[in-house]
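Trainee: Please find one structure pasted underneath; my questions will follow.
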Amino acid sequence: MPAQTAFDALYASLDDDVVASGSVTRPVPTPTTGETLHELPQSSADDVRDAISRARLAQLAWARAGFAHRRRVLLRAHELLLERRELLLDLIQLESGKTRGQGFEEIFQAASVTRYNALAAQRVLRGRRRRSGIPTVATTRVRYRSKGVVGVITPWNYALSLAAMDVVPALAAGCAVVQKADDQGALSILALRRAFIEAGVPEALWAVVAGPAGEVGEALTDEVDYVCFTGSTATGRKIAEKAGRRLVGASLELGGKNPLIVLDDVDPERAAANAAHACFSAMGQLCVSIERIYVHRAVAGPFQKALVAELAAAKLGSALDFDADFGSLASAAQLERVTGHLDDAVAKGATVLVGGTPRPDVGPWFFSPTVLTGVTPEMRVYAEETFGAIASLYLVDSEEEAVQAANASEYGLNAAIFTGSVARGQRVAERLEAGSVNINEGYRGTFASVDAPMGGQKQSGVGRRNGPEGLLRFVEPVTISATTGVLQLPRWASEYREQAPLLLLLARGLAALRRR
Ligand code: NAD
C-alpha cells in the first residue's frame with residue numbers, strides 16, 4: 001500500500017532523532033489497541049547537557065542569519081507540514097488516540113503558528129526608536145537580543161501543536177531549543193521537527209530529549225536560558241521555583257477547570273451540539289476544554305435532552321479516517337484518573353446523565369463521554385481538573401449566578417459563553433476570570449487566534465504564548481541611548497542650580513503638549 005510505504009519511510013527512523021547516548025528504550029503503547037507502537041530511546045542528564053552545548057553553538061549562527069533567512073526557512077516548514085498532513089494525521093492518531101478531526105486541528109494550529117511567527121517576528125522584534133528622557137539631548141532605541149537556548153517541556157495531550165506554539169516563536173526570535181517531550185507525545189514532535197529540519201533548521205538548533213521527568217526535565221530546567229513549560233499546575237510550580245532560583249524567565253501554561261455558561265437566550269439544540277464538542281473534543285484531554293457547564297434553568301430541559309441525545313449517538317473509534325466523533329483516552333493512567341473521579345462522585349451522590357462506562361469493545365482505554373448532575377463540593381470532580389471524559393452540569397437562575405459560579409475556581413484558563421446575543425456575551429466576557437473567553441464556541445475561537453495571547457490567570461499559569469507576547473518571551477530588550485551633544489547635562493552643583501528651573505519648565509511644557 002503506497003500510503004503505508006510513505007508512512008514507514010518517513011517515520012521508521014524518527015526514534016533515532018532523540019538525543020540519547022545509551023541503549024535504554026521504553027515501549028510506548030498506542031491507545032488504539034494498547035500494543036507497543038515504538039521503542040523510545042531514553043536520554044540521560046548528560047545527554048541533555050550535550051544537547052544544550054551543541055544548541056548554544058548553533059544558536060550563534062542562527063541569530064546572525066537574520067529575520068529574512070529565518071522567515072524563508074519557517075515558511076518552507078509551513079508548506080511541508082501541509083504537504084505531509086495525511087502522514088502526520090496517521091501518526092497523531094496512533095500516538096494519542098485522537099480522532100482524525102482533532103488531529104487535523106493540531107496540524108492546522110501548528111501551521112498557523114508557524115506562518116504567524118515567520119511573518120510577524122521582524123515586525124515585533126526589530127529594533128526601534130523610543131522617546132528619550134529629554135528631547136534632542138539624547139536619542140534612544142531598543143533592540144531585542146535573542147535569549148539563547150530555550151528549554152521547552154511539553155505534555156502528551158496536544159504534543160504537536162503545543163510544541164509548535166513554543167518552539168516556532170523561539171526559533172523565529174533567533175533562539176535554539178532543547179525540548180523534553182513526554183514519552184507519549186514524542187513521535188509527533190519528532191515528525192514535526194523532521195519537517196523543520198528538512199526546511200533548513202539546523203539539526204542541533206532544535207534537539208529533542210525524552211525520558212524520566214526527574215532526571216531529564218530537571219537537567220533541562222537547570223541549564224537553559226528560558227523555560228517554556230506546559231503541563232500540570234503541580235509540576236509548573238516546581239519549574240517556577242527552579243527558574244526563580246536561577247533568575248531565568250519561564251512561561252507556565254498549566255491546568256484548568258474551564259466553565260461554560262449557557263444563557264437563557266440560546267437555541268438549546270445548537271448549544272448542546274457545541275457543548276458536546278467543547279467538553280469532549282480529544283475526550284476532554286485538552287487544557288482549554290470545558291469541564292463545568294452552568295445552564296440557565298429556562299433552557300435547561302431542552303438543552304439537557306439534546307446534549308444527552310448528541311452524546312449517546314456519537315460514534316467512538318480509532319480508524320485512521322474521519323469516521324469517529326470521539327477518540328480514546330490516551331493511556332491506562334488516564335482511564336484510571338477518569339474512573340477515579342467518576343467513582344468518587346457517584347459514591348457521594350452524583351447522577352450520571354449520560355455515559356459513565358468504559359468502552360473496551362472499541363479499544364482498551366475508550367470511555368463514553370460522561371455528563372454528571374448533582375455534583376457537590378465534597379466530590380473531587382467539583383473543583384479538581386479531571387482532564388478527561390467528564391463534564392458536570394449545574395442549573396443557575398441568573399446570569400449573575402452563572403458568572404459567580406464560573407469564577408469560583410482556583411483556575412482561570414479558558415471560559416465560554418453561549419448566548420443568542422454576541423453583545424450580551426461580550427458584556428459577560430468582561431466579568432470572567434480567565435485568560436481566554438469564547439462566545440458561542442468552546443475554545444477554538446481564541447485557540448486559533450494565533451495573533452492574540454493565550455495563557456492562564458490564577459493557578460492556570462504565568463505568561464502568555466502566541467501573538468507578540470509569545471515572541472517577546474524569547475528576547476532581552478536592550479535600551480541604547482546616545483547623547484547628541486546639543487546640551488551638556490548637569491554634573492556640578494552650579495550646573496544643576498542653573499538648569500533645574502529649565503528642566504522643570506520643560507517637564508510642565510511636555511505635559512501641556514501631552515508629550516510622553
Ligand atoms: P505533567 O505536569 O505531569 O507533565 C508535563 C511535562 O512535564 C511532561 O513532559 C513531564 O515529563 C514533564 N515533567 C514532569 N515533572 C517534571 C519536572 N520535575 N521537571 C521537568 N519536567 C517535568 O502534566 P501532564 O499530565 O503530562 O499534562 C496534563 C496537564 O497539562 C493538565 O493539567 C493540563 O491542563 C495541562 N496542559 C495545559 C496546557 C496549557 O496551555 N495551559 C496545555 C496542555 C496541557
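The values are calculated or read from the model by the stated rules, or taken from the named source; none is laboratory data. Because the structure is a prediction, the values reported are computed rather than measured. Cβ sites come from the backbone with ideal geometry, for glycine too, and all protein chains shown count toward neighbours.
Trainee: Just for the stretch 326-336: of the residues that are surrounded by 20 or more Cβ atoms within 10 Å (Cβ to Cβ) and of a type outside the set (S, T, N, Q), which one is nearest to Phe418 (Cα to Cα)?
Mentor: Of the residues in the stretch 326-336, the ones surrounded by 20 or more Cβ atoms within 10 Å (Cβ to Cβ) are 326-331, 334-335.
Remaining after also requiring of a type outside the set (S, T, N, Q): 326-327, 329-330, 335.
Numbers: Phe326: 22, Gly327: 25, Leu329: 27, Ala330: 29, Leu335: 30 Å.
So the residue we want is Phe326.
Trainee: Ok, one more. Can you go through Gly485, Gly463, Gly456, Gly470 and tell me which one is within 30 Å of Gly127 (Cα to Cα) and at pLDDT below 95?
Mentor: Just a single option satisfies the conditions, and that option is Gly485.
Trainee: Shifting gears a bit: Could you check the stretch 229-245 and list, in sequence order, the residues that are touching a strand residue (DSSP E or B) at 6+ places or on another chain (Cβ under 6 Å) and near the ligand (Cβ under 10 Å from one of its atoms)?
Mentor: Within the stretch 229-245, Phe229, Thr230, Gly236, Ile239 qualify.
Trainee: Follow-up question, since we're still on this one. Failed condition for Asp46, given (1) under 28 Å from Val28 (Cβ atoms); (2) in contact with a Ser or Thr (Cβ under 6 Å, 6 or more places away or on another chain); (3) not hydroxyl-bearing (Ser, Thr, Tyr), with all others met?
Mentor: (2)
Trainee: While we're here: Answer with yes or no whether Thr140 is buried (at least 24 other Cβ atoms within 10 Å of the Cβ) and touching a residue at least 40 places away in the same chain (Cβ under 8 Å). Don't jump to the end; show me each part of the working.
Mentor: Values: buried (at least 24 other Cβ atoms within 10 Å of the Cβ): no; touching a residue at least 40 places away in the same chain (Cβ under 8 Å): yes.
It is false that Thr140 is buried (at least 24 other Cβ atoms within 10 Å of the Cβ) and touching a residue at least 40 places away in the same chain (Cβ under 8 Å).
Trainee: Still on this model: Under the condition of being surrounded by fewer than 24 Cβ atoms within 10 Å (Cβ to Cβ) and outside any helix (DSSP H, G or I), which residue from the stretch 166-200 is nearest to the ligand (Cβ to nearest atom)?
Mentor: This residue is Asp182.
Trainee: Then there's this: Out of the strands (runs of 3 or more DSSP E) lying entirely within the stretch 109-161, which hold 2 or more residues that are touching a strand residue (DSSP E or B) at 6+ places or on another chain (Cβ under 9 Å) and among the basic types (Lys, Arg)? Give the derivation first.
Mentor: Details: elements: 128-130, 138-146, 149-153.
Because the criterion is at least 2 residues that are touching a strand residue (DSSP E or B) at 6+ places or on another chain (Cβ under 9 Å) and among the basic types (Lys, Arg), the strands (runs of 3 or more DSSP E) in the stretch 109-161 that meet it are 128-130, 138-146.
Trainee: Next question. Can you find a residue that is buried (at least 24 other Cβ atoms within 10 Å of the Cβ) and away from the ligand (no atom under 13 Å from the Cβ) anywhere in the stretch 312-322?
Mentor: First, pick out the residues of the stretch 312-322 that are buried (at least 24 other Cβ atoms within 10 Å of the Cβ): none.
No, every residue in the stretch 312-322 fails to be buried (at least 24 other Cβ atoms within 10 Å of the Cβ) and away from the ligand (no atom under 13 Å from the Cβ).
Trainee: Moving to a separate point now. Among what's in the stretch 224-263 and is part of a loop (DSSP other than H, G, I, E, B) and not hydrophobic (A, V, I, L, M, F, W, C), pick the residue that is surrounded by the fewest Cβ atoms within 10 Å (Cβ to Cβ). Reasoning before the result, please.
Mentor: Taking the stretch 224-263 first, the residues part of a loop (DSSP other than H, G, I, E, B) are 224-225, 231-232, 247-248, 254-257, 263.
Imposing the further condition that a residue be not hydrophobic (A, V, I, L, M, F, W, C) reduces the set to 225, 231-232, 255-257.
On the way: Asp225: 20, Gly231: 23, Ser232: 15, Gly255: 22, Gly256: 30, Lys257: 24.
Restricting to residues being part of a loop (DSSP other than H, G, I, E, B) and not hydrophobic (A, V, I, L, M, F, W, C), the top hit is Ser232.
Trainee: Could you tell me whether the stretch 396-412 includes any residue that is of a type outside the set (Phe, Trp, Tyr), within 16 Å of the ligand (Cβ to nearest atom), closer than 20 Å to Ala271 by Cα and not in a loop (DSSP other than H, G, I, E, B)? Spell out the reasoning first.
Mentor: Start the filter on the stretch 396-412 by keeping residues that are of a type outside the set (Phe, Trp, Tyr), which leaves 396-410, 412.
Filter once more, keeping what is within 16 Å of the ligand (Cβ to nearest atom): 409-410, 412.
Retained after the next criterion (residues that are closer than 20 Å to Ala271 by Cα): none.
There is no residue in the stretch 396-412 that is of a type outside the set (Phe, Trp, Tyr), within 16 Å of the ligand (Cβ to nearest atom), closer than 20 Å to Ala271 by Cα and not in a loop (DSSP other than H, G, I, E, B).
Trainee: OK, next. Of the residues Arg431, Arg424, which single one is outside any loop (DSSP other than H, G, I, E, B) and not assigned by TED's automatic domain parsing to the domain that holds Leu119? Talk me through it step by step, then tell me what you get.
Mentor: Numbers: Arg431 fails: outside any loop (DSSP other than H, G, I, E, B).
Among Arg431, Arg424, only Arg424 is outside any loop (DSSP other than H, G, I, E, B) and not assigned by TED's automatic domain parsing to the domain that holds Leu119.
Trainee: Moving on. Being within 19 Å of Pro302 (Cα to Cα) and surrounded by fewer than 19 Cβ atoms within 10 Å (Cβ to Cβ): is that true of Val346 here? Spell out how you get there, then give the answer.
Mentor: On the way: within 19 Å of Pro302 (Cα to Cα): no; surrounded by fewer than 19 Cβ atoms within 10 Å (Cβ to Cβ): yes.
No.
Trainee: Let me ask something additional. Name the residue, out of Val299, Val338, Val308, that is part of a helix (DSSP H, G or I) and in contact (Cβ under 8 Å) with a residue 60 or more places away in the chain.
Mentor: Working: Val299 fails: in contact (Cβ under 8 Å) with a residue 60 or more places away in the chain; Val338 fails: in contact (Cβ under 8 Å) with a residue 60 or more places away in the chain.
Exactly one residue qualifies, and that residue is Val308.
Trainee: Still on this structure, please answer the following. Of all residues in the stretch 261-281, which are in contact with a helix residue (DSSP H, G or I) (Cβ under 7 Å, 6 or more places away or on another chain), within 16 Å of the ligand (Cβ to nearest atom) and modelled with pLDDT of 95 or more?
Mentor: If the condition is that a residue be in contact with a helix residue (DSSP H, G or I) (Cβ under 7 Å, 6 or more places away or on another chain), within 16 Å of the ligand (Cβ to nearest atom) and modelled with pLDDT of 95 or more, then no residue fits.
Trainee: For residues that are basic (Lys, Arg), touching a residue at least 24 places away in the same chain (Cβ under 8 Å) and on the phi < 0 side of the Ramachandran plot, tally how many sit in the stretch 409-464.
Mentor: In the first step, residues of the stretch 409-464 are kept if they are basic (Lys, Arg); the result is 424, 427, 431, 444, 458, 464.
Narrowing further to those that are touching a residue at least 24 places away in the same chain (Cβ under 8 Å): 424, 431, 444, 458, 464.
If we keep only those that are on the phi < 0 side of the Ramachandran plot as well, we get 424, 431, 444, 464.
Residues in the stretch 409-464 being basic (Lys, Arg), touching a residue at least 24 places away in the same chain (Cβ under 8 Å) and on the phi < 0 side of the Ramachandran plot: 4 in total.
Trainee: Something else now. Among Gly355, Gly388, Gly327, Gly284, which is the only one that is assigned by TED's automatic domain parsing to the domain that holds Gly445 and over 25 Å from the mean Cα position of the chain (by Cα)? Before the answer, list the steps.
Mentor: On the way: Gly388 fails: over 25 Å from the mean Cα position of the chain (by Cα); Gly327 fails: over 25 Å from the mean Cα position of the chain (by Cα); Gly284 fails: over 25 Å from the mean Cα position of the chain (by Cα).
Criteria check complete, one pass: Gly355.
Trainee: Whether any residue in the stretch 435-443 is part of a loop (DSSP other than H, G, I, E, B), within 14 Å of the ligand (Cβ to nearest atom), of a type in the set (S, T, N, Q) and within 22 Å of Thr235 (Cβ to Cβ) is what I want to check. Let's see the steps before the verdict.
Mentor: Going through the stretch 435-443, the residues part of a loop (DSSP other than H, G, I, E, B) turn out to be 435, 440-443.
Checking which are within 14 Å of the ligand (Cβ to nearest atom) leaves us with 435, 443.
Now drop any that are not of a type in the set (S, T, N, Q), which leaves none.
No, there is no match, as no residue in the stretch 435-443 is part of a loop (DSSP other than H, G, I, E, B), within 14 Å of the ligand (Cβ to nearest atom), of a type in the set (S, T, N, Q) and within 22 Å of Thr235 (Cβ to Cβ).
Trainee: Is one or more of the residues making up the stretch 397-408 in the same structural domain as Arg297 (by TED's automatic domain parsing), of a type in the set (D, E, K, R) and either crowded, with 21+ Cβ neighbours inside 10 Å or closer than 28 Å to Ser251 by Cβ (or both)? Quick ask: steps written out before the conclusion?
Mentor: Applying the first criterion (in the same structural domain as Arg297 (by TED's automatic domain parsing)) to the stretch 397-408 yields 397-408.
Filter again for of a type in the set (D, E, K, R), leaving 397, 399-401.
Still in the running and either crowded, with 21+ Cβ neighbours inside 10 Å or closer than 28 Å to Ser251 by Cβ (or both): none.
No, the conditions are met nowhere in the stretch 397-408.
Trainee: Quick check: anything in the stretch 418-433 surrounded by fewer than 21 Cβ atoms within 10 Å (Cβ to Cβ), of a type outside the set (A, V, I, L, M, F, W, C) and within 14 Å of the ligand (Cβ to nearest atom)?
Mentor: Looking for residues that are surrounded by fewer than 21 Cβ atoms within 10 Å (Cβ to Cβ), of a type outside the set (A, V, I, L, M, F, W, C) and within 14 Å of the ligand (Cβ to nearest atom), one finds none in the stretch 418-433, hence no.
Trainee: Residue check, Gly66 against (1) at positive phi; (2) outside any helix (DSSP H, G or I), all met but one. Which one?
Mentor: Unmet for Gly66, out of (1) at positive phi; (2) outside any helix (DSSP H, G or I): (2).
Trainee: Just give me the residues in the stretch 240-265 being in contact with a Ser or Thr (Cβ under 6 Å, 6 or more places away or on another chain) and of a type in the set (A, V, I, L, M), in sequence order.
Mentor: Leu254, Leu263
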